[in-house]
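The values are calculated or read from the model by the stated rules, or taken from the named source; none is laboratory data. Everything numeric here is computed off the predicted structure, so don't read it as measured data. Methodologically, a virtual Cβ is constructed for each residue, glycine included, from the backbone with ideal geometry; neighbour enumeration extends over all protein chains shown. Remember, those area values only see protein heavy atoms, side chains included, never the ligands or the DNA or RNA. Shrake-Rupley method; radii C 1.70, N 1.55, O 1.52, S 1.80 Å.
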Amino acid sequence: MHLRHLNRLALLLLFSTSVTAQNLDSTAVWETLQSSLGVVYAHPDSAMEMVEQAMASAYALDEPVLIARSFNFKGIVHDVKGQREAALAAYAIAKSKADSLGEERLYASAVNNIGLIQWQQGDYVNAVLNFQESLELFEELGVDVGVANTLNNIGLIYTEQKRLEEGLEYFRRAQKEFKDLDDTYGRSAAYMNISRIYEETNVLDSAWKYIDLTLTLKRELNDPRGISMCYANIGIIADKSGMLDSSIHSYEMALDIDREYGFQSYMAQHLSALGNRYERAGRKSEAEALFLEALELAQKEEELKTLWGIHSRLSELYADMEQFQKAYYHAQLYASLYQQWRDEESEEEIIALQEKFDVARKDLDLAEEREGRALDQIRLQSRTQWIIYLSIAAGLLVVLIVVIVRRLEKRRQRLAEEHALQEQLQETQHESELHQQREGISRDLHDSIGSQLTFLSSTLKNLTWALRNQNKPSSNTLDRLEEVSGIAQKTVSDLRDTVWAMNRSDLTVAEILLRLENGIVQFREAFDGIEVQFSTQGDDFEKIEAAKAMAIYRILQEALTNIRKHSDASNVKVSATKSGVAWVWKISDDGRGFDLSSKSASNGIENMRLRAEGAKLLFQIDSKSGSGTTIEIRESD
């Protein structure tokens, strides 16, 4: 018997005993429901049998709350199995029962789960309405795990709407909440979503980092569906990185898991994506077979978006294979299904807007009713009192109006002056920031790239003269050519770093360290024999202004270059530590050190010090001959 089926049988026997041996005890029913979550991703069929057994016991005990919870858990299992309509029906029953019982937490959970299914179906309008409702409830109830899950789900909506910066912010907030809760599954979901944002914005080094973290956690959780999704995302990142063979291999691994565990909901998408890559690799017959298999699955699931995508790809494939009748057939189906999908989406948006209008109209009617009651109460009061005080009130009102008008006029003038001054200050600040940015770029181009290009020009002239006067290039000439190649490569890398920073308003601590690591990998031969260790203490997602981050990066980069060229060091440590509200960056080596007062050293140190001062950073260096060197960069408080 297959090992997975043995595990499934053992789990069923264990949890069947848990319910029946205690004579239908409600605590045992609840424990069985919770235990189903521990096996749902690896053994969804076993989890479903556990939930149905618990539900039957809840009905036998006549426990309405347990019955409602059972339907919520049943929806989760249906969702994992890719049975979205069944999941939606189960969540709707759980929501209705929780509402009638006054179980606010269960109600919020069911609403959030309904939104998740609607997101999977592309119904983003209703999904975001449900996520917002559940988030408000979870925050009122103080349910941190519910808040974290809903933040993550709202990030999914922003991602689908291509509002990627907002999506990334919600995923980071969710990841921090999950980390505080020690929720491994939640962290894995947030990491996967962060990787997707970086993949869509083509920050591929960060996308690789977060998908690797996700895959590690999914393996720890024994979550085959999550592992399948990881491999599919790796396939996308590898494709964007120009590694078509690796992309194909990753999608093949995802499909192997889908087939083993019967993950129907994602299999059609993975088949279609792999077929597309087979087609680009010239494996057209294999691509056709995968597209047709994906089409059959998508028709069963009635996924319009997936269906018109597959028909579009089949049309292009058959046209390329010069099977024009088939190409025309699938092109017609693509056009029809795409229009149907767009019409349904528009209709859903209209319905959602109508619901919002109806709610607003009811609120307005209620407000008017309250206002009418208040007026009736006022009319019931004695009018004699108004007559007595009317003249006094009128005089006071005139005086008050005059005072208020004068004060409002003075306030208006003061606000106008403050507004003009604010605009002037903002314009001055903007011009100052632009000037500082231009100076920083100019310094980078002059200090690093300018000197490198000057060296290249001079060296190339000398090599040209040498080659013209030699029948065969000498070893010295060849060495110089190799040196020129290295300097050119370094110049290109420096230009890329400058452009990288110019395109961003801010950078995270993790991105700065990751960029340094990538630089060492790129010039690995130059660092042969030197072990470089990186470490952080603090939230490495914290953002740092781009100009300041670039100054930190350049100083650390220049320090690494000096260590490689002059220190004879074997070990280098680079660290970023959060101290209070400021970050402290250190780079130290165990090399031979140098005399800080020497003229040759003072020029390089002064350049780093000026770069730090320009970015409002504190710079300190400590070095003695034979004792290594330590450089510290600190943000000013």
Note to self: Taking a virtual spin label 7 Å from the Cα of Glu613 along the C-beta vector, which residues in region 520-564 bring their backbone nitrogen under 13 Å of it?
What the structure shows: none
Note to self: Let's test the formula: R0 of 25 Å, r as the Cβ-Cβ distance of Glu140 and Glu169. What FRET efficiency results, to the nearest 0.05?
What the structure shows: 0.65
Next item on the list: Enter the Cα centre distance for the pair region 135-164 and region 220-234, rounded to the nearest angstrom.
Entry: 22
Check: What distance in nm separates the simple spin-label points at Asp568 and Lys543, each placed 7 Å from Cα in the Cβ direction?
Finding: 4.7
Item checked: Evaluated at q = 0.12, 0.15, 0.16, 0.20 Å⁻¹: base-10 log I(q)/I(0), Debye formula over Cα of region 23-106 -> -0.31, -0.48, -0.55, -0.85
Next item on the list: At 0.36 nm per residue, minus the direct Cα-Cα distance, what do Glu409 and Gln132 gain on full extension? Give it in nm, one decimal, please.
Entry: 95.5 nm
Notebook entry, point to check: Percent antiparallel among DSSP beta bridges with both residues in region 504-635, to the nearest 5?
Noted result: 75
Margin query: Test of understanding: what is the full-extension gain from Glu302 to Leu37, defined as 0.36 nm times their sequence separation minus their Cα-Cα distance?
Written below: 92.6 nm
Next item on the list: Between Leu390 and Asp99, take the C-beta separation as r, use R0 = 56 Å, and let me know the FRET efficiency to the nearest 0.05.
Entry: 0.60
Notebook entry, point to check: For Leu617, which sequence-distant residues (separation of 5 or more, or a different chain) have an amide H within less than 5 Å of its own amide H, given hydrogens modelled in the peptide plane?
Noted result: none
Check: For the cross-link pairs Lys565/Lys624; Lys95/Lys162; Lys162/Lys543, which exceed 26 Å when the distance is taken from alpha carbon to alpha carbon?
Finding: Lys95/Lys162
Notebook entry, point to check: Give or take rounding to whole Å, what are the principal axis extents of the alpha carbon atoms in region 504-635, in descending order?
Noted result: 38, 30, 24
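At a temperature of 25 °C and a viscosity of 0.890 mPa s, determine how fast region 102-234 diffuses translationally according to Stokes-Einstein, using the Kirkwood radius over alpha-carbon pairs as Rh; express D in µm²/s, rounded to the nearest whole number. Walk me through the numbers before you get to the answer.
Working: Rh = 14.9 Å.
Approximately 165 µm²/s, per Stokes-Einstein.
Looking at the calculated P(r) for region 63-138, what percent of the C-alpha pair distances fall above 14 Å? Spell out each step's value before the answer.
Details: 1567 of 2850 pairs.
For region 63-138, the fraction of Cα-Cα distances above 14 Å is 55 percent.
Could you look at region 23-106 and say what percent of its accessible area is carbon and sulfur, using a 1.4 Å probe and all protein chains?
On the way: 1660 of 3520 Å².
The nonpolar share, carbon plus sulfur, comes to 47 percent.
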Notebook entry, point to check: Hey, how many Å between the Cα centroid of region 515-570 and the Cα centroid of region 313-345?
Noted result: 51
Checklist line | Cα-projected label distance for Ala420 with Ser241, points at 7 Å along beta-carbon direction, nm | finding: 5.9
Next item on the list: List every residue whose amide H lies under 5 Å from the amide H of Trp583, counting only residues 5 or more places away in sequence or on a different chain, with H placed 1.01 Å from N in the peptide plane.
Entry: Glu635
Checklist line | Calculated from backbone phi, Karplus (6.51, -1.76, 1.60) coupling profile of region 216-228 in Hz, x at Gly/Pro | finding: 4, 5, 5, 5, 4, 7, 6, 10, x, 5, x, 5, 4
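I need the chymotrypsin sites (Phe, Trp or Tyr not before Pro) found in region 128-222, filtered to DSSP loop residues with at most 12 other beta carbons within 10 Å of theirs. Please list the in-between numbers first.
Values: sites: Phe131, Phe138, Tyr158, Tyr170, Phe171, Phe178, Tyr185, Tyr191, Tyr198, Trp208, Tyr210; in loops: none.
The qualifying sites: there are none.
As an exercise, identify the trypsin sites (Lys or Arg not before Pro) in region 260-302 lying in DSSP coil whose Cβ has no more than 14 other Cβ atoms within 10 Å.
Numbers: sites: Arg277, Arg280, Arg283, Lys284, Lys300; in loops: Arg283.
For trypsin sites (Lys or Arg not before Pro) across region 260-302 that sit outside H, G, I, E and B with at most 14 neighbouring Cβ atoms in 10 Å, the list is empty.
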Next item on the list: Calculate the spin-label point distance for Ser597 paired with Tyr329, positioning each point 7 Å from the Cα along the beta-carbon direction, and give it in nanometres.
Entry: 9.0
Item checked: Integer Hz, Karplus 6.51/-1.76/1.60 couplings in order for region 260-268, x for Gly and Pro -> 5, 9, x, 7, 5, 5, 9, 5, 4
Notebook entry, point to check: How much FRET efficiency would the formula 1/(1 + (r/R0)^6) give for Asp320 and Asp622, where r is the Cβ-Cβ distance and R0 is 60 Å, rounded to 0.05?
Noted result: 0.35
Item checked: Cα principal axis extents for region 104-176, largest first, Å -> 32, 27, 13
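Provide the gained length on full extension for the span Thr630 to Ala56, in nm with one decimal, where the gain is 0.36 nm per separating residue minus the Cα-Cα distance. Mind dumping the intermediate values first?
Details: separation 574, 0.36 × 574 = 206.64 nm, distance 6.84 nm.
Result: 199.8 nm gained on full extension.
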Notebook entry, point to check: All other residues with a Cβ under 15 Å from the Cβ of Gly626 taken together, and with Lys, Arg as +1 and Asp, Glu as -1, what is their net charge?
Noted result: -3
Check: Excluding Ile117 itself, what net charge comes from residues whose Cβ is under 9 Å from its Cβ, given Lys and Arg +1 and Asp and Glu -1?
Finding: -2
